[in-house]
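What follows draws every value from the coordinates through simple rules; no lab data is involved. Treat the numbers as computed from the prediction; the structure is a model and nothing was measured. We place every Cβ from the backbone using ideal geometry, glycine too, and count neighbours over all the protein chains shown.
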Amino acid sequence: MRIVVLAGGIGGARFLLGVRAYAREVGAEVTAVVNVGDDLLLHGLKVCPDLDSVMYTLGGGADPERGWGRVGETWTVKSELAAYGAEPTWFGLGDKDIATHLVRTTMLNAGYPLSQVTEALATRWQPGVRLLPATDDRLETHVVVSGRSEPAVASSADPVGADGGQRAIHFQEWWVRHRAEIPTHRFVFVGAETAKPAPGVLEAIGAADVVLVAPSNPVVSIAPILAVPGLREAVADGPAPVVGVSPIIGGAPVRGMADRCLAVLGVECSAAGVGGLYGGRSAGGLLDGWLVAPEDEGTVVPDVTVRSAPLRMTDEAATATMVRAALELV
Ligand code: GDP
Ligand code: CA
């Protein structure tokens, strides 16, 4: 059996722990197609937050409390950078984590594509699933928000600035620095038009027995994956059934700020809202099945089979049970 999982960072990583446990039981092969929209260059280093969350979590090196970064992390470099006043100060890189970014950046600068770099990093972490970035090309989630560019470009003659009072900032600046709390208009996946699926992605989807959409943020984790030309089509028109797992339980995200992302799209923050956003495969959407929490029993998504099961990923065994429920749906 071959399982492909579309995954973001923390929610994707925890879900993959359960998928891997299930796969070990039944002898299945797992490929994770991971979001790169959050990736950024910091102090000259290429940082891939979602790939790293998945790699560290599956490799047993993640900080379980924070959910991101390395366990037993220290922050010497961060405080030294702050002593220089080096911007950005709102994004913290841990010392251990920096080693990952140094290796990655060196390999990228030497000409290796991100997919090969990811494979090389994974030889250390042995995640037990194949990790593929959605694309090797630049695809960055930017957020169009109100307010003029910084430094301020407005003058008395042009009080809102030449940009008409809107500007695009990197997703991480919106999420980490502004806590998604500023007036927001839309998300833009910069580079998406010309991005190509990373080597192996379309092949894995085409050969899959089932595609699972992890309970990741639908707007900023799953949507940028699907924005890679050809990728959404491969899933939606492919031979494998597609089952999604809701990241929203009882009208709220389990953690994080998916509610703020959904609000920007005008989508209700509910299992039904996210299921409807993905849509039914037979109606031009993505899903055959949608797994919701018992709290959301009775959720209806047109053209999609909806079932309920406990969806809190408290430990690996509970998550593996949840994965089994998702697979039984199709
Ligand atoms: P990020 O890239 O690190 O933000 O992580 P993801 O996009 O992969 O996952 C974030 C989503 O995971 C949030 O919308 C959460 O609601 C969801 N999530 C986190 N923990 C759980 C859980 O235990 N159960 C479910 N169903 N969703 C969860
Ligand atoms: Ca992310």
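Give the range 235-256 a look and list any residue that's of a type outside the set (A, V, I, L, M, F, W, C) and more than 16 Å from ligand 2 (Cβ to nearest atom), or say none. Selection gives 237, 238, 239, 241, 244, 246, 250, 251. Selection of the range 245-267 for residues being among the aliphatic types (A, V, I, L, M) and within 11 Å of ligand 1 (Cβ to nearest atom) yields 245, 248, 249, 252, 254, 257, 258, 262.
A quick yes/no check of all residues on (1) within 30 Å of residue 176 (Cα to Cα); (2) more than 16 Å from ligand 2 (Cβ to nearest atom):
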| position | (1), (2) |
| --- | --- |
| 233 | no, yes |
| 258 | yes, no |
| 267 | yes, yes |
| 282 | no, yes |
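Could you check residue 4 against (1) hydrophobic (A, V, I, L, M, F, W, C); (2) within 13 Å of ligand 2 (Cβ to nearest atom); (3) not in a helix (DSSP H, G or I) and say which number it fails? Just one mismatch for residue 4, condition (2). From the list 78, 96, the lone residue that is touching a Gly at 6+ places or on another chain (Cβ under 9 Å) and without any contact (Cβ under 8 Å) to a residue 24 or more places away in the chain is 78. In this entry, residue 23 is excluded by the filter for residues that are within 16 Å of ligand 2 (Cβ to nearest atom), buried (at least 16 other Cβ atoms within 10 Å of the Cβ) and either in contact (Cβ under 8 Å) with a residue 60 or more places away in the chain or not basic (Lys, Arg) (or both).
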